[in-house]
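Notes follow the structure.
The values are calculated or read from the model by the stated rules, or taken from the named source; none is laboratory data. Values in this document were obtained by computation on a predicted structure and should not be read as measured data. Ideal geometry is used to build each Cβ from the backbone, glycine not excepted, and the neighbour counts take in all protein chains shown. Please note that ligands, DNA and RNA were not included when accessible areas were found on the heavy atoms of the full protein model with its side chains. Shrake-Rupley method; radii C 1.70, N 1.55, O 1.52, S 1.80 Å.
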Amino acid sequence: MSNVERISCIAGDITRLNVDAIVNAANETLLGGGGVDGAIHRSAGPKLLAECRNLGGCPTGEARITKGYDLPARYVIHTVGPIYSGARDDDPTLSACYRNSLRIAAENHCKSLAFPAISTGAYGFPFKRASRIAIASTMMELERLLTIEQIIFVLFSEDKLVEFKEILGGSN
Ligand code: APR
């Protein structure tokens, strides 16, 4: 399948998706927070935090994998997006979140993976700019990660889904 055929986008709650792995937009402590991080920890249950405590945190731009516990997803891949500041390394760091998450998903034989809009909430990354980076980085990695069959971008509102679809449609 072509890269674009393996990519889709929906509006919804990522914690409800029955995929091999969902990606969490975490912070460097990996000890939970608000937004999608809070939703994932609430749905996965306390064992997720217990496993995260043993990981010793995660630097911005990198990713770590844990079990999904009470989530429908088998794994959670925690990645830490950049806090948007307009600095030159904001874009490459956000790209690294997607590339590292995809690499770890492939290493763990995940065939399906769902992403939230990393850094576009509390971390203030402009949504359109972040969406272009997410799509370009994912399409590039899918060229070489042939075992990943399905990528779902999960937007948290219909409005954001419409915006994202416009960018996704323009990228193929
Ligand atoms: N499902 C899908 N997307 C969600 C959900 C959910 N249940 N909840 C929130 N979102 C969306 C937000 O609307 C936003 O578009 O996820 C995107 C990322 O927003 P945040 O969760 O605020 O993440 P981020 O901007 O990366 O900030 C990370 O916030 O929650 C803390 O611990 C986290 O410190 C870290 C920071």
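Does I7 satisfy being buried (at least 17 other Cβ atoms within 10 Å of the Cβ), within 9 Å of the ligand (Cβ to nearest atom) and of a type in the set (A, V, I, L, M)? Reasoning before the result, please.
Details: buried (at least 17 other Cβ atoms within 10 Å of the Cβ): yes; within 9 Å of the ligand (Cβ to nearest atom): no; of a type in the set (A, V, I, L, M): yes.
When the stated conditions are applied, I7 does not pass them.
Just to be sure, is C58 within 19 Å of N100 (Cβ to Cβ) and in contact with a Lys or Arg (Cβ under 7 Å, 6 or more places away or on another chain)? Give the steps one after another, and end with the answer.
On the way: within 19 Å of N100 (Cβ to Cβ): yes; in contact with a Lys or Arg (Cβ under 7 Å, 6 or more places away or on another chain): yes.
Here the answer is yes, as C58 does meet what is asked.
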Given A63, A39, which one is in contact with a Ser or Thr (Cβ under 8 Å, 6 or more places away or on another chain), over 19 Å from L142 (Cβ atoms) and among the small types (G, A, S)?
A39
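Quick grid of which residues meet (1) open to solvent by 10 Å² or more (accessible area, probe 1.4 Å); (2) in contact with a Leu (Cβ under 6 Å, 6 or more places away or on another chain):
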{"residue": "G56", "(1), (2)": "yes, no"}
{"residue": "K67", "(1), (2)": "yes, no"}
{"residue": "V80", "(1), (2)": "no, no"}
{"residue": "A105", "(1), (2)": "no, yes"}
{"residue": "F115", "(1), (2)": "no, no"}
{"residue": "A134", "(1), (2)": "no, no"}
{"residue": "L142", "(1), (2)": "no, no"}
{"residue": "E149", "(1), (2)": "yes, no"}
{"residue": "E166", "(1), (2)": "yes, no"}
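Being part of a loop (DSSP other than H, G, I, E, B) and near the ligand (Cβ under 8 Å from one of its atoms) is true for just one of G33, G61, G38, G57. Which residue is that?
Working: G61 fails: near the ligand (Cβ under 8 Å from one of its atoms); G38 fails: part of a loop (DSSP other than H, G, I, E, B); G57 fails: near the ligand (Cβ under 8 Å from one of its atoms).
It is G33.
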Scope the stretch 82-95; condition open to solvent by less than 50 Å² (accessible area, probe 1.4 Å), touching a helix residue (DSSP H, G or I) at 6+ places or on another chain (Cβ under 8 Å) and not polar (S, T, N, Q); matching residues:
P82, D91, L94
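Restricting the stretch 121-130 to residues that are over 16 Å from D89 (Cα atoms) and either without any contact (Cβ under 8 Å) to a residue 12 or more places away in the chain or out of contact with any Gly (no Cβ under 7 Å at 6 or more places or on another chain) (or both), which is surrounded by the fewest Cβ atoms within 10 Å (Cβ to Cβ)? Full working, then the answer.
Taking the stretch 121-130 as the starting set, the residues that turn out to be over 16 Å from D89 (Cα atoms) are 121-122, 127-128.
Those left that are additionally either without any contact (Cβ under 8 Å) to a residue 12 or more places away in the chain or out of contact with any Gly (no Cβ under 7 Å at 6 or more places or on another chain) (or both): 127-128.
Numbers: F127: 17, K128: 13.
Applying the filter and picking the extreme gives K128.
Test R99 against the stated conditions and say whether it is away from the ligand (no atom under 14 Å from the Cβ), in contact (Cβ under 8 Å) with a residue 24 or more places away in the chain and surrounded by fewer than 23 Cβ atoms within 10 Å (Cβ to Cβ). Outline the logic, then answer.
On the way: away from the ligand (no atom under 14 Å from the Cβ): yes; in contact (Cβ under 8 Å) with a residue 24 or more places away in the chain: yes; surrounded by fewer than 23 Cβ atoms within 10 Å (Cβ to Cβ): yes.
Answer is yes for this residue.
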